[in-house]
Structure formats: C-alpha cells, structure tokens
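Peer 1: Just passing along the structure, written as structure tokens.
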Amino acid sequence: MGLFLVLCSVFLLGAAVPAWSEKHSLYYIYTALSKPVELPGIYQFTAMGLLDDREIDYYNSEGQKKIPKQDWMREKMQEDYWEKGTQSRKSKEQWFNVNVDILMKRMRHNESDVHVLQWRHGCEIEKQGDEVRFSRGIDEYSYDGANFLSFDDKESQWVAPVDAALPTKRKWDNVPILNQYTKGYLEKECVDWLNKFREYGDEEIKNGSPPEVDVFAKRCTSDKTKVKLSCFATGFYPKDVILSIRKYRSALPDEEIVSSGVRPNHDGTFQLKKSVIIQEDEKAEYDCFVFHRTLKEPVVIKWDGKCQDCTQGNIMSLVIGIVIGVVTVLAVIALVFFLKRKRNTAGQESSNSSPDSSTTNSQESVNLMSETSSGQSQPAEGQALLQQQSSE
C-alpha cells in the first residue's frame with residue numbers, strides 16, 4: 001500500500017511513471033579475438049557472468065581460471081563449481097578460437113587484421129510482489145561489432161540478419177534438439193540460476209543502494225545567454241530509476257532533454273545525468289525529481305538559479321568517483337570500437353548443472369561454418385553433433 005501511494009504521488013507531481021516492478025537479469029558474455037593484441041587489460045578470450053549488471057565471475061585466456069567476483073559467490077559456491085567452470089570455459093575458449101577463424105575465412109577477411117566474435121546469452125525476469133515471471137531470453141552473436149545471429153525464443157529458431165550467417169542458421173535449425181534445449185535453458189534453467197544467485201546475494205544486492213542526487217547549471221559555450229541545467233544521480237543499484245527535470249513541478253518532455261543513459265560506476269552501482277538548455281535569465285522554478293525502489297519517497301531538489309563557473313576545476317566535485325564503467329566490460333567494448341568503429345553488441349554462454357554452459361556445449365559441437373563441397377553443413381571432423389553437457 002505504501003508503494004502504491006508513493007507511485008500515485010509521483011504521478012501527481014508530474015513524472016510519467018510506469019507500473020513499478022523489479023527487473024532482474026542474468027547474462028553471460030564471451031569475447032574472442034582472432035589474435036592477441038598488445039593492449040593492457042585486453043585478452044584474446046574473456047568470459048564473465050553478470051547478475052543485475054554486476055559482475056559475479058570472470059575468466060580470461062591468460063589466467064585460465066574461472067574466479068568469483070563477489071564475496072558471496074566465493075562463499076556460497078563450492079570449489080567443485082569453480083573447477084568444473086574452469087574446464088567448461090577452457091572448452092569454450094577453444095570453440096571460439098576455431099570459429100573466429102571460420103568466420104574470417106567465410107568473410108574473406110585479412111588475417112593480418114584483428115577480428116572479434118562475441119556471444120551474449122541469458123534471461124530477464126520481472127517481479128511484482130511475490131510473483132516472478134519470465135520476461136525474455138537472449139542468445140545472440142556478433143562479429144566485429146555487428147549483429148550476426150540471434151535466437152528467436154518464441155519461434156524456437158535462429159535469425160540471420162546478414163547473408164554470412166545463413167549457413168549457421170541452417171545448420172543449427174536442422175538440429176531440433178539444440179533449439180529445444182536453448183529455449184528450455186533461457187526460460188527455465190537460467191531463471192532458476194538467477195533466483196538462486198539472488199538468494200545467495202549479499203544485502204547490498206538484495207536491498208540495493210539509493211541514489212545521491214545533485215542539480216547544477218553551467219554556461220553554454222555556444223550561446224553565452226543560455227545555460228545547461230543538469231540533474232545528476234549516482235550510486236544507485238539496481239539500475240532501474242526514474243529521473244526527470246521539472247518546470248513548475250511538471251516534467252519536461254523527452255525531446256527537450258539530453259540523457260547520458262544509465263552508466264555503470266566502478267563499484268557496481270550506476271549513474272544517470274539528464275540536461276536541458278534554458279535561458280540564463282529565466283526565472284522559472286526548476287527541480288530535479290528522482291525515484292528509485294530503495295527510496296521510501298521521491299527525492300526532489302530545487303535548482304537555486306545559479307550558474308557555475310563552468311571550468312573543469314569547479315565541477316570536479318560532481319564527478320569524483322565516476323568511472324566510465326565496469327573495467328573489463330568497457331575495455332572489450334572500447335576494443336571493438338577501436339578495431340572496427342562499429343556499434344558494439346555482446347556475446348555470451350550457458351549449462352545444465354551450472355548457469356552458463358548448457359547451450360554452449362551443444363553449440364560447441366556445431367561450428368559456425370564447416371561445409372562440404374556441395375555446400376551442405378556438417379559438424380567438424382571428429383566432433384559429435386551434440387555433446388553431453390558439462391557443468392561450469
């Protein structure tokens with residue numbers, strides 16, 4: 001009842017509020033490079049698990065060991081889990097190395113360049129009260145930052161957005177048990193692991209952390225008669241948040257607002273900034289309105305009408321502690337952008353007796369491209385069409 005009253009007050013105060021529900025996700029991301037690069041923190045192969053956008057485990061081709069990234073993962077998961085997970089990720093590393101080479105040949109790409117194959121898979125749920133329901137499952141591949149192949153969970157088939165992915169689509173769709181298993185993993189097994197991990201999670205993950213909010217303005221460099229008014233929220237977790245800049249308690253329309261989008265901080269929390277350009281001498285009453293599920297009531301901070309000096313030194317206090325993102329994830333994204341200057345997508349993983357190896361172990365045996373001279377797909381020599389799943 002209390003949350004209902006809060007949401008009603010949010011609406012009356014001028015913010016458009018969707019039906020509030022908790023959203024949770026579990027994803028696994030794999031990234032493989034066609035060859036090593038001499039860049040700090042960038043490895044030829046990496047794999048990681050993300051629970052509600054927070055890293056919970058990690059593996060790279062240099063360390064070659066799956067390790068926990070949260071204390072509660074280290075405490076709750078037995079040593080056998082990490083040992084089997086390490087072996088599973090070593091197997092996936094080999095699979096990715098083979099398939100990066102396959103795709104390079106299929107695309108007729110120069111081996112002197114660096115190419116990137118990524119995979120992201122996992123699930124999302126929505127929770128309203130005690131009711132938890134499956135929201136969506138994602139299983140998608142990208143090559144050099146462009147969409148390559150994705151699984152349509154509703155139709156139980158693969159979707160090829162580019163011609164180069166058609167051989168893979170035909171091959172995988174011709175293995176019905178693979179598609180059935182992929183669908184089952186996304187809708188059931190992944191959700192079970194997500195709920196289990198959240199149950200294991202510490203209080204910070206369960207309860208979240210509230211946002212710190214500030215509102216400020218600085219002079220526009222292009223027009224000295226105007227200022228950019230910004231509302232900045234940081235340190236909140238999970239990432240779902242309502243933030244609006246209001247004029248006389250009415251939210252400004254989206255077309256007037258510039259948003260940074262929700263970005264990760266170095267500590268696993270998130271930040272969001274929204275800005276609007278207004279006349280410097282405008283006397284209207286502006287405020288910053290923020291609502292997050294960790295708050296008992298919305299945070300409303302009025303702008304004092306003052307414009308800052310606009311120099312970097314004067315705004316440093318507003319951005320101390322902000323990091324572009326989770327180091328490993330954004331290092332990978334930066335590499336893709338640097339290499340191909342295309343949009344980045346992610347890649348990922350799955351398992352039967354662990355959260356992220358099931359789907360992969362089926363797909364590991366069905367290479368992205370291994371065709372006979374007649375053009376019909378077949379599994380690579382020496383590989384069974386479907387392998388028995390191993391735990392991770």
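Peer 1: Can you tell me what percent of all Cα-Cα pairs in the range 247-291 are more than 18 Å apart?
Peer 2: Of the Cα pairs, 39 percent sit more than 18 Å apart.
Peer 1: Still on this structure, I have one more. At 7 Å along the Cα-to-beta-carbon direction for both I257 and A146, put a label point, then send me their distance in nm to one decimal.
Peer 2: Each label point is offset 7 Å from its Cα along the Cβ direction, giving 3.4 nm.
Peer 1: Within the range 187-220, name every residue whose backbone N is under 19 Å away from a label modeled 7 Å from Cα of H266 along the Cβ vector.
Peer 2: 212
Peer 1: Okay, next question. Figure the gain on full extension for T221 and K196 (residue separation times 0.36 nm, minus the Cα-Cα span) and round it to one decimal in nm.
Peer 2: Stretched fully, the T221-K196 segment lengthens by 3.9 nm.
Peer 1: Have a look at the range 201-287 and give its Rg and Dmax from the Cα atoms, expressed in angstrom.
Peer 2: Values for the range 201-287 (Cα only, Rg and Dmax): 15.0, 50 Å.
Peer 1: For the pair D281/V300, report the inter-label distance in nm, with labels modelled 7 Å from Cα in the Cβ direction.
Peer 2: Between D281 and V300, the label points sit 3.0 nm apart.
Peer 1: Suppose the chain between K90 and E111 were pulled fully straight at 0.36 nm per residue; how much longer would it get relative to their current alpha carbon spacing?
Peer 2: Roughly 5.2 nm would be gained on extension.
Peer 1: Let me ask something else. For the pair N174 and E126, what calculated FRET efficiency results from E = 1/(1 + (r/R0)^6), where r is the Cβ-Cβ distance and R0 = 45 Å, to the nearest 0.05?
Peer 2: That pair, E126 with N174, gives E of 0.85.
Peer 1: Then there is this: Could you pull out the pairs from K228/K306; K23/K154; K90/K196; K66/K90; K247/K283 whose alpha carbons sit more than 18 Å apart here?
Peer 2: K23/K154; K90/K196
Peer 1: Net charge around G235, counting only other residues with Cβ within less than 9 Å of its Cβ (Lys, Arg = +1; Asp, Glu = -1)?
Peer 2: My count for the surroundings of G235 gives -2.
No lab work stands behind these numbers, since they all come straight from the coordinates. Please read these numbers as outputs of a predicted model, since none were measured by experiment. Cβ sites come from the backbone with ideal geometry, for glycine too, and all protein chains shown count toward neighbours.
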